[in-house]
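Peer 1: One structure, as structure tokens, below. Some questions next.
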Amino acid sequence: MINESLWAAAISLVGVLSATAVQAQTANQTGASAAVNVADAGASAASTSNELEEVIVTARRREERQQDVPLAITSLSGDFLKENAVVGLSDLKGQVPALNIENFNSPVYTNIGIRGQRNNNVAPGQDPAVGYYFSEVSYSYPVGINEQLFDLQSLEVVEGPQGTLFGRNTTGGAVIVTPGKPTSTFNGSVTGGMTDFDHGTGYYTTDVINLPVNEVLQLRAAVNVVNHDGYVKNLITPQQLAAFDVNPYLGTSNANPDNENSKAFRISALLKPTASLDSYFLMQGSDYQDSGVAYSLTAFNTGGLAQGGIANFALGIIGANGQQVYQTRQSQQTSDFWTTDSGLNAYNRSYNLSGSNTTTWTPLDWLAVKNIVGYRHFALQQSIPLDGVPYQILDSLIVDDGYEYSEEFQLQGKTANDTFSWVAGYFYFDQHIDHPRATLAVPEFGGPVSHAEEVVDNTSNAEFAQGTVRIPGVQGLSFTGGIRNTSDDRKMTSTSWNSPGEVSCALTGVVNCEFAGDVTYNVITYNLSLDYKLDADTLLYVTRRKGYRAGGWNYVGGPTPDTFGPFAPEFVNDWEAGLKKDWHFGQAALRSNLAIYRSSLTDAQELLSPATNPNLFEVVNAASATINGGQLELTLIPTKGVELSGFLSLIDAKFDSFVFGGNNFTSNSFAQTPRTQYLLRGKYDLPLKETIGTISVSADYTHQSHLFYTADAQGSAWGPASSQGQDGYGILDLRLGWTSIMQSNFDAAFYVKNATATQYNTFGVMLYTSLGYNIASIGQPRIFGLEATYHF
């Protein structure tokens with residue numbers, strides 16, 4: 001671990017260099033009046049006005065100005081992602097309105113929610129509510145996508161149902177990631193950084209090269225390596241580790257969790273044999289390993305076995321006092337929040353390899369033919385202890401191995417005067433997942449290990465079309481209409497048994513321990529919008545959309561005839577109205593994007609425990625709901641070198657009806673959905689001469705209000721209120737950067753993430769009424785970072 005004196009020296013060095021640069025600039029000025037106008041003196045590139053960045057997006061499957069698109073879109077450039085140390089999707093939390101991301105019980109699983117709509121579980125056969133697209137290819141199963149955020153051109157978050165151009169499983173919206181593409185200029189960069197936090201250190205590097213072979217062929221390659229110690233210290237003692245009742249295939253470990261050792265690469269080629277034809281090839285892969293997720297024990301049920309205190313009863317068998325164990329963990333986290341107790345050999349290992357090709361042919365000025373094909377293979381293995389205590393209560397071993405293949409053919413066209421533009425196409429998707437797993441619950445009872453395996457085969461076919469027409473006679477008025485016809489076939493075979501023997505077969509009465517299901521859904525979704533371009537800087541719009549999330553089959557906890565399914569599709573009908581406006585006040589510029597929306601959910605999919613067995617979980621269509629909300633994004637450039645920005649998001653999500661298993665959850669809050677979120681960001685470029693480079697200081701403060709971890713586990717029956725969710729909190733990030741140092745090819749930066757060491761949890765597992773406790777995954781600590789980049 002880097003000691004404090006070294007960090008102090010690094011900070012002092014940056015400070016001295018900054019002060020020297022300012023003094024050098026000041027020395028070139030004559031008199032106080034010249035110093036006041038130092039931003040203009042001697043700067044050949046100085047501008048007499050401040051312009052807002054022109055942002056290009058692809059939310060409607062073609063390149064357009066963000067301010068011209070009648071949708072709520074937040075676009076983040078590759079430079080922004082790098083400057084804000086966004087290295088994983090979870091780092092986007094707080095950066096985009098109404099967006100919430102957590103990694104569930106494993107960093108290799110990514111759960112994305114937009115406007116209160118999210119998947120309750122990352123599992124085969126249970127689709128997400130937010131689509132994820134990398135280089136225009138759909139990644140439907142959100143496994144291993146967290147290691148792809150390097151060398152990017154942009155990342156777009158499109159909010160609200162996208163059921164026409166992106167199709168199923170985008171009821172909340174879509175995340176669109178565009179990697180850096182080959183260009184005709186030879187260049188590259190080498191970035192290296194190190195991090196420091198209370199319980200360890202880390203390093204990372206991102207290296208990029210762009211190589212134009214000739215006018216026909218350009219190549220690009222990038223590698224990314226991240227390695228850091230565990231953010232959370234494991235306090236388990238050697239005596240506790242020796243007494244651990246261990247299942248042979250899992251083993252024990254005292255490693256610090258929340259660490260990372262990952263490697264990723266990307267290779268791409270752009271082929272342009274003619275002026276009307278280009279073909280973009282991409283291949284990428286990643287290898288990720290860690291020592292598991294750190295949990296905080298947030299509640300413990302000391303009631304008898306019949307009252308749900310199974311964990312307390314189990315600890316009593318081995319001579320441990322449950323209440324004392326809980327109090328010890330509370331005392332430890334009061335002293336140091338970033339600590340845990342875990343003895344199982346917890347780990348996550350993920351391997352991913354994917355390839356894609358996008359070919360575009362423009363035979364005529366008004367017509368483009370486009371084909372997008374993608375293939376991805378993913379494999380992972382996880383050992384997950386859902387305990388939060390130094391004893392074995394609930395442990396799982398999970399394996400995933402599968403692939404996804406997609407093919408999309410598009411025709412895009414427009415009239416000569418651009419009064420009508422359109423896109424039409426066909427989409428095919430094939431997914432296969434093999435999901436064996438084993439669970440050991442409360443081994444002190446002498447129970448067997450529960451084994452299961454699911455094999456999932458899903459296919460989807462869709463035809464879609466969307467067009468935009470400028471209304472004759474009304475300057476600036478346009479109408480957009482789109483429709484999509486989707487056919488989803490959902491197959492699952494689930495086998496479960498106990499070892500030794502096949503007890504579960506006798507319990508369920510199923511021949512050969514096997515369930516099998518095959519169901520097809522045929523759904524039409526649409527999009528209608530009217531937008532009015534008052535002038536070049538003002539857009540008003542209103543849109544009506546229908547989105548759809550596919551149904552499927554259950555497996556969580558081991559299926560029974562009553563819980564296997566299928567569960568039905570979920571539908572969302574949505575209204576959105578917005579105003580996009582760029583303002584100019586002398587040399588100042590302001591961009592404001594406002595959107596208000598109302599979404600109605602029917603047959604909402606919720607993950608719940610059946611009344612007959614609280615230790616099992618199933619997805620059911622248990623709810624209808626209404627979500628009202630609004631968001632405002634602002635960017636202000638009051639003067640050259642100063643940029644202020646932020647957003648405010650408000651979500652009022654309420655169930656209209658939510659009744660299941662004799663319980664009425666209608667008054668409950670949505671899971672993982674804070675009512676308010678806001679961001680305040682400021683960046684200031686010091687007024688220096690060009691020969692010195694650009695030194696900038698920036699600060700981000702993000703805040704979210706209280707949220708509940710789940711939609712059903714709310715109320716006194718589920719333990720203390722503090723264990724059922726996370727209270728509101730804010731995160732402050734700081735950065736000092738210096739680009740083009742003394743007109744060189746070097747950049748450097750010093751940054752602090754979570755500068756105030758805010759203590760928070762990200763996701764909770766509610767087992768109070770079954771095994772007798774609640775746990776929550778621990779958020780990141782304060783992290784210091786120092787990085788340097790060389791451009792060539």
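Peer 1: Residue by residue, what Karplus-based ³J(HN,Hα) values in Hz, rounded to whole numbers, does the range 208-222 have, using 6.51, -1.76 and 1.60 with θ = phi - 60° and x for Gly and Pro?
Peer 2: Calculated HN-Hα couplings, in order: 9, 9, 10, 10, x, 6, 7, 5, 8, 10, 10, 10, 8, 9, 8 Hz.
Peer 1: Could you sort Glu453, Glu54 by accessible area so the largest value comes first, with the probe set to 1.4 Å?
Peer 2: Glu54, Glu453
Peer 1: Based on the Kirkwood radius over alpha-carbon pairs, what is the Stokes-Einstein translational diffusion coefficient of the chain at 20 °C with 1.002 mPa s viscosity, in µm²/s?
Peer 2: Answer from the Stokes-Einstein relation: 76 µm²/s.
Peer 1: Mind pulling the angle between the C-alpha long axis of helix 4-27 and the longest principal axis of the chain? Nearest 10 degrees, somewhere in 0 to 90.
Peer 2: On a 0 to 90 degree scale, this one is about 10.
Peer 1: Could you work out the local net charge near Lys263, counting Lys and Arg as +1, Asp and Glu as -1, over the other residues with Cβ closer than 10 Å to its Cβ?
Peer 2: Cβ neighbours under 10 Å give a net charge of -2.
Peer 1: Note down the relative contact order for the chain as a percent, whole number, built from C-alpha pairs under 8 angstrom at least six residues apart.
Peer 2: 12 percent
Peer 1: May I pose another question? Residues with beta-carbon under 9 Å from that of Pro179, excluding Pro179: net charge, scoring Lys, Arg +1 and Asp, Glu -1?
Peer 2: It works out to a net charge of +2.
Peer 1: For His706, tell me the accessible area in Å² from a 1.4 Å probe, rounded to the nearest 10.
Peer 2: About 70 Å², rounded to the nearest 10.
Peer 1: Using θ = phi - 60° and the Karplus form 6.51 cos²θ - 1.76 cosθ + 1.60, what ³J(HN,Hα) does each residue of the range 194-200 get, whole Hz, x for Gly and Pro?
Peer 2: 9, 10, 9, 8, 4, 10, x
Peer 1: In whole Hz and in residue order, list the ³J(HN,Hα) couplings for the range 640-648 that follow from phi through the Karplus curve 6.51 cos²θ - 1.76 cosθ + 1.60, θ = phi - 60°; x for Gly and Pro.
Peer 2: Those phi angles translate into 4, x, 10, 9, 10, 8, x, 8, 10 Hz.
Peer 1: Here is a further query. Mean residue ellipticity at 222 nm from the helices of the chain, using -39,500 (n - 2.57) per DSSP H segment of n ≥ 4 over the full residue count, to the nearest 500 deg cm²/dmol?
Peer 2: Taken over the chain, the calculation gives -2500 deg cm²/dmol.
Peer 1: Per 0.36 nm of contour for each residue apart, how much would the distance between Asn417 and Asp535 grow if the chain were fully extended, relative to their Cα-Cα spacing?
Peer 2: Stretched fully, the Asn417-Asp535 segment lengthens by 40.6 nm.
Peer 1: Got a sec? Which residues in the range 157-188 would a label at Ile56 touch, if it sits 7 Å along Cα→Cβ and we count backbone N under 12 Å?
Peer 2: 181
Peer 1: Among Leu89, Thr110, Asn146, whose Cα projects farthest towards the positive end of the dipole of the range 74-215, with charges put on the beta-carbon of Lys, Arg (+1) and Asp, Glu (-1)?
Peer 2: Towards the positive end, the residue furthest out is Thr110.
Peer 1: The range 265-419: D in µm²/s via Stokes-Einstein (Kirkwood Rh, Cα pairs, 20 °C, 1.002 mPa s)?
Peer 2: 103 µm²/s
Peer 1: Something else: Residues with amide H under 5 Å of Thr673's amide H, sequence separation 5 or more or different chain, H placed in the peptide plane at 1.01 Å from N; which?
Peer 2: Phe708
Peer 1: Name the residues whose placed amide hydrogens come within less than 5 Å of the amide hydrogen of Tyr773, ignoring near sequence neighbours (fewer than 5 apart) on the same chain.
Peer 2: Amide H to amide H, under 5 Å and 5 or more residues apart or across chains, Tyr773 pairs with Asn301, Leu767, Tyr768.
Peer 1: Just report the Cα centroid separation between the range 53-102 and the range 570-588, whole Å.
Peer 2: 15 Å
Peer 1: Now for a different question. Taking amide H positions as placed 1.01 Å from N in the peptide plane, with prolines and chain starts having none, which residues 5 or more places from Gln153, or on another chain, fall under 5 Å of its amide H?
Peer 2: Thr178, Gly180
Peer 1: On a 0 to 90° scale, report how tilted helix 322-335 is relative to the longest principal axis of the chain, with both axes built from alpha carbons and the result rounded to the nearest 10.
Peer 2: So the helix axis and the longest Cα principal axis differ by about 20 degrees.
Peer 1: What order do Ser649, Ser75 take when sorted by accessible area (1.4 Å probe), most exposed first?
Peer 2: The ranking, largest first, comes out as Ser75, Ser649.
Peer 1: What does the charge dipole of the chain about its Cα centre add up to, to the nearest 20 debye, if the Cβ of each Lys and Arg holds +1 and the Cβ of each Asp and Glu holds -1?
Peer 2: Result for the chain is approximately 1260 debye, rounded to the nearest 20.
Peer 1: Shifting gears a bit: Using the Cα atoms of the range 595-705 to build a convex hull, what is its mean projected area in square nanometres?
Peer 2: One quarter of the hull surface, i.e. the mean projection, equals 10.4 nm².
Peer 1: Report Asp727's accessible area, 1.4 Å probe, all protein chains in place, as a number in Å² to the nearest 10.
Peer 2: Here the accessible area works out near 100 Å².
Peer 1: Setting aside same-chain residues fewer than 8 positions from Lys654, which lysines have a Cα under 27 Å from its Cα?
Peer 2: Candidates past the 8-residue exclusion: Lys93, Lys546.
Peer 1: When only the heavy atoms of the protein chains count and the probe is 1.4 Å, how do Asp747, Asp457 rank by accessible area, highest first?
Peer 2: Asp457, Asp747
Peer 1: Can you compute the charge dipole magnitude of the range 685-792 about its Cα centre, using +1 on each Lys and Arg Cβ and -1 on each Asp and Glu Cβ, nothing else charged? Give it in debye, rounded to the nearest 20.
Peer 2: Computed charge dipole of the range 685-792: roughly 180 debye.
The values are calculated or read from the model by the stated rules, or taken from the named source; none is laboratory data. Just so it is clear, the model here is predicted, and its values are computed rather than measured. Positions of Cβ are generated from backbone atoms using ideal geometry, with glycine treated the same way; all protein chains shown enter the neighbour counts. For accessibility, only protein heavy atoms count, side chains too; no ligands or nucleic acids. Shrake-Rupley method; radii C 1.70, N 1.55, O 1.52, S 1.80 Å.
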